[in-house]
Amino acid sequence: MNLGKVVVTGGAGFLGSQLVKRLIPVCDHIYIIDDLSTGNKDAIPDTDNITFYKESITNVKILEEILPKVDYIFHFACKNLILSVENIESDFETNLYGGYLLLQKARECCSELKRFVYASTTSIYGQVSILPTPESYYNINLPYAASKFSMEHYCHVYHKMFQFPVNILRFSNVYGPGQLSSNPYCGVVAKFFESAQNDKPMIIFGDGSQTRDFTFVEDAMDAIILAATCEKAIGQVYNVGTGVETSILDLAEEIKKASSDMNLPLSFEPKRKVDVVERRCINAEKIKIELDWKPRHSLEEGIKKTYSWLKGDESHQDIPRNN
Ligand SMILES: NC(=O)c1ccc[n+]([C@@H]2O[C@H](COP(=O)([O-])OP(=O)(O)OC[C@H]3O[C@@H](n4cnc5c(N)ncnc54)[C@H](O)[C@@H]3O)[C@@H](O)[C@H]2O)c1
């Protein structure tokens, strides 16, 4: 497999940087566009076949410079869920307008684009009435869900009007090596491990009975590569998750087990504005059947691997940790 030249937006972020690492052996050149608003430049491997642009995806000149060179676009830049309620306009500007610009400029500049992979989110399901939740469901109640779902619609429009080779992956609570708690908006797994390592209580917003479907980062990467390389994925939307529902209290227990410290304390705080989802468990049958993807890690295995990365295990030497 050789994907030629690719661009990864948000390539200094958690998923983007792990994707870049997966892509290095199978690409001729990787361009990264990231404004480093939450990303970390150290997460990007230092090799000759990567060119990094500290720029916003809303910078049209940069898009016009890079896009004519690439065969694949992996669009991972975003303003996150928590930021979206603090600044709706900034969420709109990056997640919807920036995404739209990328589509528009790609259509103009990429004569032979093979794939536009868009990292969407199961946040578009909001508080659900169907579990496990299939791709057909939606319940939009936060700005982040609105902008991410709207961008999906533009991907469909570009596919239907211009035969643009889009693919949409809806990720669910991805965690694992590379997720840095130095990013204040990182996910709960990184936060819990940070607390455990610093002998501080793991903070739970609400009573901890809320559930999530946690996906190990290596499994998420498998899904991206499959979606980018399978012809039948073009124009499709896929959930990427395990179908296993885990409460935040149970997650805390897994972190205690992995850290071999069952006495780690918990601290309960009131829910935040973004804590509107009681249950999350997604139906990933479509990607399993159509692309033959399945998660290779149980939560226990993924948490163990994450812990060994945090502890400096040799197999994860190339993935930076918090300073
Ligand atoms: N991590 C998850 O659990 C998860 C779940 C569902 C969906 N996703 C999606 O996956 C993608 C990556 O998420 P992540 O967890 O790696 O987030 P992240 O915050 O770690 O990465 C996002 C990156 O985008 C960059 N960025 C923000 N605004 C930008 C702009 N205007 N121009 C260029 N770069 C910009 C940030 O600096 C950061 O490096 C996002 O699109 C997100 O919606 C992630």
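The values are calculated or read from the model by the stated rules, or taken from the named source; none is laboratory data. This one's a predicted model, so the numbers in the text were calculated from it and none came from an experiment. Every residue, glycine as well, gets a Cβ built from its backbone with ideal geometry; the counts of neighbours run over all protein chains shown.
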Residues located in the range 14-58, provided they are in contact with a Cys (Cβ under 8 Å, 6 or more places away or on another chain) and within 6 Å of the ligand (Cβ to nearest atom) | F14
Which residues, taken from the range 177-205, are basic (K, R) and either over 24 Å from D219 (Cβ atoms) or not assigned by TED's automatic domain parsing to the domain that holds V277 (or both)?
-> K200
Quick one: count up the residues across the range 278-313 that are part of a loop (DSSP other than H, G, I, E, B) and modelled with pLDDT under 95.
-> 3
Can you spot a residue in the range 276-289 that is over 25 Å from N183 (Cβ atoms), buried (at least 17 other Cβ atoms within 10 Å of the Cβ) and polar (S, T, N, Q)?
-> yes
Considering residues of the range 211-235 that are among the polar types (S, T, N, Q) and crowded, with 19+ Cβ neighbours inside 10 Å only, the residue nearest to the chain's Cα centre (by Cα) = T215
Only one of these is in a loop (DSSP other than H, G, I, E, B) and touching a Ser or Thr at 6+ places or on another chain (Cβ under 8 Å): S209, S260, S182. Name it.
-> S209
Being hydroxyl-bearing (S, T, Y) and in contact (Cβ under 8 Å) with a residue 24 or more places away in the chain is the filter; apply it to the range 112-144 and report the residue that is nearest to Y158 (Cα to Cα).
-> Y118
Is it true that some residue in the range 273-291 is of a type in the set (D, E, K, R) and farther than 23 Å from V240 by Cα?
-> yes
Name the residue, out of D91, D71, that is away from the ligand (no atom under 14 Å from the Cβ), touching a Leu at 6+ places or on another chain (Cβ under 8 Å) and within 22 Å of S17 (Cβ to Cβ).
-> D71
